[in-house]
Amino acid sequence: MSELTFEQMLEDSLKTIHTGEVVEGTVIDVKPDEIVLNIGYKSDGILTKNEYTNEPNVDLTAIVKPGDKMEVKVLKVNDGEGQVLLTYKRLAADRGNKRIEEAYNNNEVLTAKVSQVLDGGLSVVVEEIRIFIPASLVSDTYEKDLSKYAGQEIQFVISEYNPKRRRYIGDRKQLLVAEKAELQKKLLESIHEGDTVEGTVKNVTDFGAFIDLGGADGLLHISEMSWGRVENPKKVFKVGDVLNVLIKEISGTKIALSLKFEDQNPWKDAAQKYAIGNVVTGKVARMTDFGAFIELETGIDALLHVSQISREHIDKPADVLKTGEEVTAKVVDFNEEDKKISLSIKAMLAPEPKEEVVENKEDADADVVSVDIESVIANESEEENQ
């Protein structure tokens, strides 16, 4: 029997490998774009960056170090230079496929970092499986610019799984919708009409403001923003303002809000302050052809009719008054039920002296005689007709 050489014994001690086989190796060297592994074979295994990950701009020295152990898949036993070509990402993809399939079947919530922001959506990678989340499934509201999601860790579910076409679609929207529905349910169970709650201005329109109550939005209509008059909500509120608001009405999932708290109602003491005969002072708030509205205080306007501005004839209030001008007048009518107050400047003026109709006794006698003669003529005419 011939003796085996050292080389033969060494070769016999090494395992044999085949293409497609999964082997474990130990990292013996790392370069920015290549990893060298001892896989227990006569040749070292080479793992390039492209076969390690799908992530762009990766420096392998930052994530792998000598001594690390890795499971890899054999691509080629001999690359032509006596080295074994390995892949990590394809092995991970095989396992990732199973992982994604399980998540899809179980409607499992996955978490991953956004690797790319694309024109039509976001791209994330889960165990080397690239998953696309269309823009329409990123949020429950339309978002034109998705750049804010770059590098963010987000949660989603798999809504489409097609490994043959390598089509994996993620859905973040349904999670947000479900979360908001749950928050809305809890909020509606906890609030009641008449409650005062804290909210944040979410959006401001010409007709009101939408307030985020922490689970649902409530509408603060322009007519409920103040006891006074609000011309433009955008000049009063801005997005992000924190308000204490009154729950005025709850109808299903619709919540109507108000800032008109009853203890601040200016009409609660109005009957005394603006009783008929009281002299009051206010500012011209607005004018029409028939009169001027005088703001006595926030939330209380009174009408100064054009006929009550002066003894002289005035065509329209703007001829003698201007907006913002201070006016003093007397209350001539108060209607608490309809919340109407009428003012008069004329009522404050001293009465004009009465005209002397009878200047002397002779004129008076003449008038009496004149009336008597006319009466007689009338009576005679009636008798003739009879």
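The values are calculated or read from the model by the stated rules, or taken from the named source; none is laboratory data. Bear in mind that the values here come from a model prediction, so they are computed numbers and not experimental data. Quick reminder, even Gly has a Cβ in these numbers, built from the backbone with ideal geometry, and neighbours come from all protein chains shown. Accessible surface areas use protein heavy atoms only, side chains included; no ligands, DNA or RNA. Shrake-Rupley method; radii C 1.70, N 1.55, O 1.52, S 1.80 Å.
Counting helices only, and only those DSSP H runs with n ≥ 4, report the 222 nm mean residue ellipticity of the chain as the sum of -39,500 (n - 2.57) divided by its residues, in deg cm²/dmol to the nearest 500. Don't skip to the answer; put the middle values down first.
Values: 5 runs with 73 residues, N = 386.
Value at 222 nm, helices only, nearest 500: -6000 deg cm²/dmol.
Express the relative contact order of the chain as a whole percentage, based on alpha carbon pairs under 8 Å and six or more residues apart in sequence.
Values: 697 pairs, mean separation 28.6, N = 386.
Answer for the chain is 7 percent.
Can you tell me the convex hull volume per residue for region 142-290, based on C-alpha atoms, in Å³ to the nearest whole number?
Details: hull volume 30.3 nm³, N = 149.
Per-residue hull volume (Cα only) is 203 Å³.
Can you run the Rg to Rh ratio on the chain? Use alpha carbon positions and the Kirkwood inverse-distance Rh. Let's see the in-between values first.
Values: Rg = 45.2 Å, Rh = 30.8 Å.
When Rh is taken as the Kirkwood radius, the ratio is 1.47.
Which trypsin sites (Lys or Arg not before Pro) in region 69-161 sit in a loop by DSSP (not H, G, I, E or B) and have at most 12 other Cβ atoms within 10 Å of their own Cβ?
Working: sites: LYS69, LYS73, LYS76, LYS89, ARG90, ARG95, LYS98, ARG99, LYS113, ARG130, LYS144, LYS148; in loops: LYS144.
Of the trypsin sites (Lys or Arg not before Pro), the ones in loops of region 69-161 whose Cβ has at most 12 other Cβ atoms within 10 Å are LYS144.
How would TYR142, TYR149 line up by accessible area, probe 1.4 Å, largest first?
Values: TYR142 190, TYR149 10 Å².
Correct descending sequence by accessible area is TYR142, TYR149.
Hey, how many Å between the Cα centroid of region 279-302 and the Cα centroid of region 223-257?
So the separation of the two Cα centres works out to 25 Å.
Given points 7 Å out from each Cα along the Cα-Cβ axis, report the SER123 to THR205 separation in nanometres with one decimal.
3.9 nm
How much accessible area per residue does region 17-123 have, in Å², with a 1.4 Å probe?
Working: 5820 Å² over 107 residues.
Spelled out: the 1.4 Å probe surface of region 17-123, per residue, equals 54 Å².
Here are some pairs, LYS260/LYS339; LYS235/LYS283; LYS113/LYS173; LYS73/LYS164; LYS180/LYS254; which of them have Cα atoms lying more than 18 Å apart in this structure? Don't skip to the end; give the middle numbers.
Numbers: LYS260/LYS339 16 Å; LYS235/LYS283 21 Å; LYS113/LYS173 16 Å; LYS73/LYS164 21 Å; LYS180/LYS254 14 Å.
Long pairs (Cα-Cα over 18 Å): LYS235/LYS283; LYS73/LYS164.
Given the Cα-Cα distance of GLU153 and VAL242 and 0.36 nm per residue of separation, how much length would full extension add, in nm? Working shown, then result.
Numbers: separation 89, 0.36 × 89 = 32.04 nm, distance 2.84 nm.
Gain on stretching GLU153 to VAL242: 29.2 nm.
Per the 1.4 Å probe, what fraction of the accessible area of the chain, in percent, lies on carbon and sulfur atoms? Don't skip to the answer; put the middle values down first.
Working: 11590 of 24480 Å².
Here carbon and sulfur together make up 47 percent of the probe-accessible area.
Estimate the FRET efficiency between ILE28 and GLU71 by the formula 1/(1 + (r/R0)^6), using the beta-carbon distance for r and 22 Å for R0, to the nearest 0.05.
On the way: r = 16 Å, r/R0 = 0.72.
Plugging the Cβ-Cβ distance into 1/(1 + (r/R0)^6) gives 0.85.
Only loop residues by DSSP count here, and only those with at most 13 other Cβ atoms within 10 Å; note down the GluC sites (Glu not before Pro) in region 160-197 that meet that.
Values: sites: GLU160, GLU179, GLU182, GLU189, GLU193; in loops: GLU193.
Of the GluC sites (Glu not before Pro), the ones in loops of region 160-197 whose Cβ has at most 13 other Cβ atoms within 10 Å are GLU193.
Averaging over all projection directions, find the projected area of the Cα convex hull of region 17-77 and quote it in nm² with one decimal place.
Details: hull surface 15.4 nm².
Value for region 17-77: 3.8 nm².
How many Å² of accessible area per residue for region 229-304, probe 1.4 Å? Spell out each step's value before the answer.
Details: 4360 Å² over 76 residues.
On a per-residue basis, 57 Å².
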